[in-house]
Amino acid sequence: MDSRRLNYLRALDIDVWERRDLAVTQAASEPVRASVAAVAPPAVAVHQVAPAAVSRVVAPPVAAPKVSALRTESKPSTRVPPRDDAVAAMGWDQLVDAVRTCTKCPLHATRTQGVFGVGDRKARWMIIGEAPGADEDSQGEPFVGRAGQLLNSMLRAMGLAREQVFIANVLKSRPPGNRDPRVDETSACLPYLFRQIELVNPTLLLCVGRIAAQTLLETDMPIGKLRGKLHTLPSGRPMIVTYHPAYLLRSPVEKRKSWADLVLALQTFERLSNEARQAT
Ligand code: URA
């Protein structure tokens with residue numbers, strides 16, 4: 001694994017096992033695939049281990065799903081997600097305006113501004129969070145506070161720059177006191193996120209946190225049961241769930257599980273990209 005990525009993992013307090021043979025031969029610009037294979041999420045310290053010992057240690061704790069199983073890892077909900085035909089027809093500029101000026105739910109009265117989303121509008125990865133917090137509400141950009149710093153580190157550990165992904169929230173307006181979103185608020189706001197997903201057309205969604213995951217998957221299952229597997233949204237979009245960075249700041253012991261989710265996401269992304277390449 002290249003030293004930069006290893007440093008990020010260390011910065012996250014994530015312990016890494018690395019194959020000694022790979023450590024010696026991998027160049028800094030190696031493709032993501034090599035580092036995914038070299039990282040073992042459940043390890044307990046930063047170590048290099050001899051190849052002979054590796055087969056037991058480096059196997060990811062979550063078996064990477066087969067492409068043919070993509071649709072069956074979790075059952076898509078049969079409920080019809082909220083739809084807004086006007087929003088569903090919008091282009092980027094209209095959508096940005098609509099979010100910034102939205103008054104569809106009571107949150108517009110208490111927010112500083114609508115927080116649209118940020119990043120590459122043609123990104124292959126889309127990161128979905130819950131709602132703006134105080135920093136995001138004042139700066140107008142998602143994930144700019146402490147949780148955002150950790151999210152950036154998580155992305156860098158995956159070999160991704162913040163600018164390479166598109167980041168958006170389920171809610172575009174801050175709930176007062178960062179309380180959980182209410183159903184009327186998510187119903188009013190979800191069409192914006194759905195349109196963002198359609199416009200970006202990412203290969204894979206990475207959903208961070210219980211609230212965003214439960215909202216998108218229309219379930220009340222705990223996040224411990226939602227993470228570590230591939231989901232399919234009713235729209236057919238593949239999505240991996242992991243813990244919210246704010247939760248990881250409070251519960252650093254869960255970072256290892258979160259890293260396992262990120263490894264699964266990288267593996268899944270690679271599979272989907274290969275599948276798409278083969279189909280063309
Ligand atoms: N938490 C989120 O879910 N989104 C943000 O933008 C910031 C914190």
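The values are calculated or read from the model by the stated rules, or taken from the named source; none is laboratory data. This structure is a prediction, so every number in the text was calculated from the model and none was measured. When we count neighbours, we look across all protein chains shown, and the Cβ atoms used for this are built from the backbone with ideal geometry, even at glycine. We work out accessible area using only protein heavy atoms, side chains counted, and drop any ligands, DNA or RNA first. Shrake-Rupley method; radii C 1.70, N 1.55, O 1.52, S 1.80 Å.
Considering segment 154-172 alone, what residues qualify as being assigned to a loop (DSSP other than H, G, I, E, B) and either in contact (Cβ under 8 Å) with a residue 40 or more places away in the chain or in contact with a strand residue (DSSP E or B) (Cβ under 7 Å, 6 or more places away or on another chain) (or both)? Don't jump to the end; show me each part of the working.
First, the residues of segment 154-172 that are assigned to a loop (DSSP other than H, G, I, E, B): 158-161, 165, 170-172.
The answer is M158, G159, L160, V165, V170, L171, K172.
Scanning segment 198-216 for residues that are more than 16 Å from the ligand (Cβ to nearest atom) and part of a helix (DSSP H, G or I), which turns out most open to solvent (accessible area, probe 1.4 Å)?
Going residue by residue through segment 198-216, those that are more than 16 Å from the ligand (Cβ to nearest atom) are 198-204.
Now restrict to residues that are part of a helix (DSSP H, G or I): 198-200.
Working: E198: 91, L199: 46, V200: 5 Å².
The residue in question is E198.
Just name the residue that is nearest to the chain's Cα centre (by Cα) out of those in segment 182-197 that are among the β-branched types (V, I, T) and surrounded by fewer than 22 Cβ atoms within 10 Å (Cβ to Cβ).
Quick first cut of segment 182-197, residues among the β-branched types (V, I, T) only: 183, 186, 197.
Next, only the ones that are surrounded by fewer than 22 Cβ atoms within 10 Å (Cβ to Cβ) stay: 183, 197.
Numbers: V183: 22, I197: 13 Å.
Here the answer is I197.
Could you list, in sequence order, all residues of segment 138-173 that are near the ligand (Cβ under 9 Å from one of its atoms) and over 20 Å from I223 (Cβ atoms)?
The answer is E141, V144, G145.
Results for (1) part of a strand (DSSP E or B); (2) over 12 Å from L171 (Cα atoms); (3) within 13 Å of the ligand (Cβ to nearest atom); (4) in contact (Cβ under 8 Å) with a residue 24 or more places away in the chain, shown as yes or no for each residue.
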position: A98; (1), (2), (3), (4): no, yes, no, yes
position: K104; (1), (2), (3), (4): no, no, no, yes
position: L107; (1), (2), (3), (4): no, no, no, yes
position: V115; (1), (2), (3), (4): no, no, yes, yes
position: A123; (1), (2), (3), (4): no, yes, no, yes
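Test L151 against the criterion of being part of a helix (DSSP H, G or I), open to solvent by less than 30 Å² (accessible area, probe 1.4 Å), modelled with pLDDT of 95 or more and more than 15 Å from A246 (Cβ to Cβ), and give yes or no.
On the way: part of a helix (DSSP H, G or I): yes; open to solvent by less than 30 Å² (accessible area, probe 1.4 Å): yes; modelled with pLDDT of 95 or more: yes; more than 15 Å from A246 (Cβ to Cβ): no.
The answer is no for L151.
Determine if segment 170-189 includes at least one residue that is hydrophobic (A, V, I, L, M, F, W, C) and under 15 Å from H244 (Cβ atoms).
Checked segment 170-189: at least one residue is hydrophobic (A, V, I, L, M, F, W, C) and under 15 Å from H244 (Cβ atoms).
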